[in-house]
Amino acid sequence: MSDSPLLEVEDLNVTFPGRGGATRAVRNASFSLGRERLGIVGESGSGKSTTGRALLGLIPPPGLVSAKRLQLSGQDLSSLTDADWQRLRGRRISMVMQDPKYSLNPVLKVGRQIEETYRLHHRASQGEARRRSLAMLEAVKIRDPDLVYHFYAHQLSGGMGQRVMIAMMLIAEPDLLIADEPTSALDVTVQNEVLRILDDLVTDRGMGLIFISHNLTIVSSFCDRVLVMYGGRIVEECKASELSAARHPYTRALMKAVPVLDRPVSELAVVIRDPEWLR
């Protein structure tokens, strides 16, 4: 990681008020990110996706976001207006959502959607935007960019849809990409292809990547560092290569629950939770 962090987060909190009291979805989360691959893991509801959305200013009312420090390359994100966020999203920071079926517009061809993203952040003619869009489709290993350019979302396979989403999020050349479960709905072969694409793009473009996933096996081999979240808190941070030697009991329980094909067990490990983890 470089001496000057790309992203700095200190005491990030996300709270949703309700009739039965406030729900603290993210609690005092602090971390930094260089031009590297940072994994965030944890069970469903642990705050992984909420953290990613908070970094993009996408927490809807009545959700409340607060932080002592929330900076992207020195720019204070906590003080941005809606207009500021519109200029920042896509151009400086982007997010690939979990399922492209719910992120792509079903009535617009995918090429036009990628073009719109580019023209929103760059002064460009339609011809230039088209050329850039085709080049981006080729960069994410779409076999026939000219054909896929004219496809609608329902004509895409799961892997192809995820590649189109990656192309759309990267065409404006952001400094930071947040990938929220980008491989969870894909078979193993396509998973590896998508990971290879992300790895190449991060390396070639010098981007920062936040990789949100349930799959500890993928995270341990793909990422540089890992944050482990439980109940909205970051309970452990370690090198991805050292995840198997993690110290926190929650992380160890998650690792024990990972199935091993050549070592079948009669019962899966159960996470024994401690209320102290939330304090």
Which of rounded, prolate, oblate describes region 174-265, given a ≥ b ≥ c as roots of the alpha-carbon gyration tensor eigenvalues and a/c under 1.5 marking rounded, otherwise prolate only if a/b is larger than b/c? oblate
Dimensionless Rg/Rh of region 126-279 - Kirkwood Rh, Rg from C-alpha atoms: 1.05
Hey, in the GNM for the chain with a 10 angstrom Cα cutoff, which one of Val140, Val148, Val188 fluctuates hardest? Val188
Identify which of the listed values of Rg and Dmax of the Cα atoms in Å was calculated from the structure shown: [x] 19.3, 62; [y] 16.6, 48; [z] 20.7, 66. [x]
Using the alpha-carbon centroid of each, what span in Å lies between region 158-229 and region 3-64? 19 Å
Which loop GluC sites (Glu not before Pro) in region 209-279, with loop taken from DSSP, have no more than 10 other Cβ atoms within 10 angstrom of their Cβ? Glu267
Subtract the Cα-Cα distance of Asp76 and Arg247 from 0.36 nm times their separation in residues, and report this length gain in nm to one decimal. 58.2 nm
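Where does the charge balance sit around Ser49 when Lys and Arg score +1, Asp and Glu -1, over other residues with C-beta under 14 Å from its C-beta?
-2
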Which one of Ile197, Ile93, Ile234 has the biggest mean-square fluctuation once the chain is modelled by GNM with Cα springs under 10 Å? Ile197
Which of Leu186, Leu268, Leu134 moves most in a GNM of the chain, Cα contacts under 10 Å? Leu268
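Among DSSP bridges having both ends in region 7-278, what percentage is antiparallel? Round to the nearest 5.
55 percent
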Relative contact order computed over region 7-278 (Cα-Cα under 8 Å; 6+ residues apart), in percent: 24 percent
Pairs of Cα atoms farther than 23 Å apart, region 2-104, %: 28 percent
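Rule-based calculations on the coordinates, nothing more; no lab input. Nothing here was measured: the structure is a model prediction, and the numbers come from that model. Cβ: placed from backbone, ideal geometry, glycine included. Neighbour counts: every protein chain shown.
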